[in-house]
Structure formats: C-alpha cells, structure tokens
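> Dropping the structure in here first, questions after.
The values are calculated or read from the model by the stated rules, or taken from the named source; none is laboratory data. Owing to the predicted nature of the structure, the values given are computational and were not obtained by experimental measurement. Because the Cβ atoms are built from the backbone with ideal geometry, glycine has one as well, and the counts that use them run over all protein chains shown. Heavy atoms of the whole protein, side chains included, go into the accessibility calculation; ligands, DNA and RNA do not. Shrake-Rupley method; radii C 1.70, N 1.55, O 1.52, S 1.80 Å.
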Amino acid sequence: MTTDAADSGGAGAGRVVLVTGGSRGIGMACAEWFLARGDRVAVTSRSGAPVRHPGAGPDRYLPVTCDVTDAEQVARAFDEIEAAFGPVEVLVANAGITHDTLLLRMDEEAWSEVIETNLTAVFRVTKRALAKMIRLRRGRIILVSSVGAFLGSAGQVNYAASKAGLVGLARSLAREVASRSITVNVIAPGLVETPMLAALAEDTRVAFAAQVPLGRVGRPEEIAEVVGFLASDGAGYMTGAVVPVDGGLGMGL
C-alpha cells in the first residue's frame with residue numbers, strides 16, 4: 001500500500017496501524033511485528049498497553065485505554081489516534097474474551113458479554129476505521145477469528161458464534177469496499193501460547209496440543225506473521241478470505 005503523505009504524516013513515516021486488544025498475546029505480537037517494520041502503531045486495551053518494543057517512542061507507538069464495547073470510548077480512541085498519527089490504514093481487530101460454560105448453564109450475561117466484545121465491538125471499530133479508509137481509497141482490515149468458529153467446542157457456543165459471525169461480517173464488507181482498494185480478511189488461529197491458554201490446567205493443554213497434527217501449540221509471533229502478510233502489498237489480491245493458522249487442526253476449515 002502506498003502511503004499518502006498528506007493524510008499519513010509524510011513520506012517514510014510508515015503506515016498507521018491499529019491493533020485492538022494489543023497489550024498481550026496475539027495482539028502484542030502483531031503490534032511488535034508492525035513496529036519492527038517501521039509502521040506507527042496504536043494499540044487499545046482496557047487498561048492501556050505498556051511499551052514493549054525497543055526504541056518505539058511516542059512518535060511511533062501509542063497505547064490507548066479503550067473498552068471496545070463502549071461506543072464513546074471507541075470514538076475518543078480514534079480521535080486520539082488520528083490526532084497523533086493520522087487516519088488508520090491497517091486495522092487488526094483482535095480484542096476478544098471467553099466466558100465458557102455449557103449452554104444449559106449459560107446465562108444471558110455470559111452470552112451477551114462475549115457477543116458484544118467479540119462481534120459487536122468489531123462492527124463498531126471497523127465502521128469507524130472504514131470511514132477514513134474510504135476517503136483514502138486504500139486500507140487493510142484483518143479480523144481475528146478462531147478455529148473454534150468452525151470446529152465447535154463444548155462450552156463455547158457463545159465464543160464460537162461470535163467468531164463465526166466475523167466471517168460473515170468480513171465477506172459482506174469485502175464486497176462493499178473492494179472498489180476502494182480496501183481488503184477485508186479473516187485469520188483463524190488454533191491453539192496459541194497466550195494467557196488465555198495458559199490459564200488451563202497443564203494436562204488439558206497437553207491434551208489439546210496432541211490433537212494438532214503439527215504436535216504443538218502455536219506462538220503469537222507465528223500468527224503475527226500471517227497478519228502482517230495480509231496487511232502487505234503481496235496480499236493486495238486477497239479479500240474475503242479466511243486463513244487458518246492452526247497447525248492443521250482444522251485442515252482448511
């Protein structure tokens with residue numbers, strides 16, 4: 001993607017990238033991937049994200065406190081990012097939660113919180129970013145789904161539904177904005193070394209890893225590499241795609 005100096009802070013400044021849920025795990029790895037390649041990166045988290053990349057000062061790295069389920073906080077976050085860096089050119093919608101329990105034990109709150117964070121908030125963030133991308137006539141939108149959206153998992157009907165919803169959102173949006181040189185793609189990670197996985201008992205993690213054809217869980221950096229590719233010029237002819245990064249667990253989904 002070519003950077004427009006008038007809109008994005010001048011030649012050589014790097015693209016403006018927003019990673020939601022960027023304070024740990026996959027989100028942090030994505031932020032570090034873009035920073036390492038000269039982009040300017042904003043990350044949102046509910047508490048504000050610490051600076052983790054060496055040499056990434058305030059001219060290139062912006063942690064923003066934002067609960068993506070709150071429309072006013074999202075609007076303020078974009079205002080802050082645009083004032084500091086300019087309009088977002090690459091959006092990585094990564095923020096997500098789980099609230100696992102069997103359906104018959106799942107209350108309305110457990111359902112609504114997961115759907116609101118994992119799906120509705122993505123609609124909200126994407127819509128805000130897209131308004132400026134349309135004017136720039138370029139952009140990359142990458143939504144982080146999950147292999148669980150396709151395989152299913154007992155106790156995760158809310159999570160699986162929210163992550164499957166991202167596919168329909170992405171494919172419909174991809175058709176809406178293709179004429180503006182904006183691509184919309186989905187990645188579907190499998191088991192990845194994140195705090196969410198670390199919270200499971202050791203024997204459970206071992207059992208899960210044994211189901212993966214490659215015989216191990218993935219690293220956040222491996223997911224970030226695929227996200228980075230989808231944001232690159234090399235992926236300019238990809239849109240509406242779902243890319244599994246799961247060690248073969250879903251076998252193409």
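> If each residue of separation counts as 0.36 nm, what is the full-extension length gain between Glu222 and Ala71 once their alpha-carbon separation is subtracted?
In short, 51.2 nm is gained.
> Could you calculate, for the chain, the ratio of the Cα radius of gyration to the Kirkwood radius, expressed as Rg to Rh?
0.96
> If we sort 97-105, 130-138 on the protection proxy, mean other Cβ atoms within 10 Å, highest first, what's the order?
Those peptides, ordered most packed to least, come out 130-138, 97-105.
> To continue, here is another question. Would you work out the relative contact order for the chain, in percent, from Cα pairs under 8 angstrom that are 6 or more residues apart?
Relative contact order, the chain: 19 percent.
> Taking the Cα atoms only, what angle lies between the long axis of helix 25-36 and the longest principal axis of the chain, rounded to 10 degrees?
The angle comes out at about 30 degrees.
> Could you work out the pair-distance distribution P(r) of region 186-253 from its alpha-carbon pairs, with 10 angstrom bin width and percents rounded to whole numbers?
Going out from 0 Å in 10 Å bins, region 186-253 shows 20, 46, 25, 8, 0 percent.
> Could you tell me the relative contact order of region 165-253? Use alpha-carbon pairs under 8 Å, at least six residues apart, and round to a whole percent.
42
> Tell me the per residue accessible area of the chain using a 1.4 Å probe; a whole number in Å² is fine.
46
> If you line up the long axis of helix 71-84 against the longest principal axis of the chain, both from Cα atoms, how many degrees apart are they, to the nearest 10?
The helix 71-84 is inclined about 40 degrees to the chain.
> While we're here: Run through all the Cα pairs of region 174-217 and give the fraction in each 5 Å bin from 0, expressed as whole percent.
In whole percents, the pair-distance histogram is 5, 19, 20, 13, 8, 6, 10, 11, 7, 2.
> Further question on the same structure: Return the carbon/sulfur percentage of the accessible area of the chain, one whole number, probe 1.4 Å, all protein chains in place.
Details: 6230 of 11560 Å².
Here it works out to 54 percent.
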